[in-house]
1. Residues being over 14 Å from the mean Cα position of the chain (by Cα) and of a type in the set (Ser, Thr, Tyr): count how many of those fall in the range 81-105.
2. Residues being closer than 19 Å to residue 110 by Cα and part of a loop (DSSP other than H, G, I, E, B): count how many of those fall in the range 1-43.
3. Looking at the range 8-38, which of the residues that are modelled with pLDDT under 95 and in contact with a Leu (Cβ under 7 Å, 6 or more places away or on another chain) is surrounded by the most Cβ atoms within 10 Å (Cβ to Cβ)?
4. Under the condition of being of a type in the set (Lys, Arg) and over 12 Å from the mean Cα position of the chain (by Cα), which residue from the range 39-80 is surrounded by the most Cβ atoms within 10 Å (Cβ to Cβ)?
Amino acid sequence: VQLQASGGGLVQAGGPLSLRCEASGNVVSINSMGWYRQGTGKQREVVASITRGGSTNYADSVKGRFTISRDNDKNTVYLQMNSLKPEDTAVYYCTARRLTTEYWGQGTLVTVSS
């Protein structure tokens, strides 16, 4: 499974940004997809995840501001980020779980200026 993320960039605090990640290759049996992030000098942390059936989970720090969604027909997961804060600055990684294996994309940088 290959994951191609896009949509990162520079945004002012309070603004929106959306990320997109498309899975390709052996996409049969992909269940959950999601996003992690890692800020400079910080540990990687889960941001949000979504199952094939649409069940979602969010980190407390992004609840009410971020929305994860997916299009199963396009094997694509999205992350809509609103009310961004400087502390949201990080490299965002797309993930997909297929059977017992978790796959990672290359990461896309999100920078939120104050």
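The values are calculated or read from the model by the stated rules, or taken from the named source; none is laboratory data. Just so you know, these numbers come straight off a predicted model, no measurement behind them. Positions of Cβ are generated from backbone atoms using ideal geometry, with glycine treated the same way; all protein chains shown enter the neighbour counts.
1. Final tally of qualifying residues: 3.
2. Residues flagged as closer than 19 Å to residue 110 by Cα and part of a loop (DSSP other than H, G, I, E, B) within the range 1-43 amount to 11.
3. Out of the qualifying residues, it is 8.
4. By that ranking, first place goes to 65.
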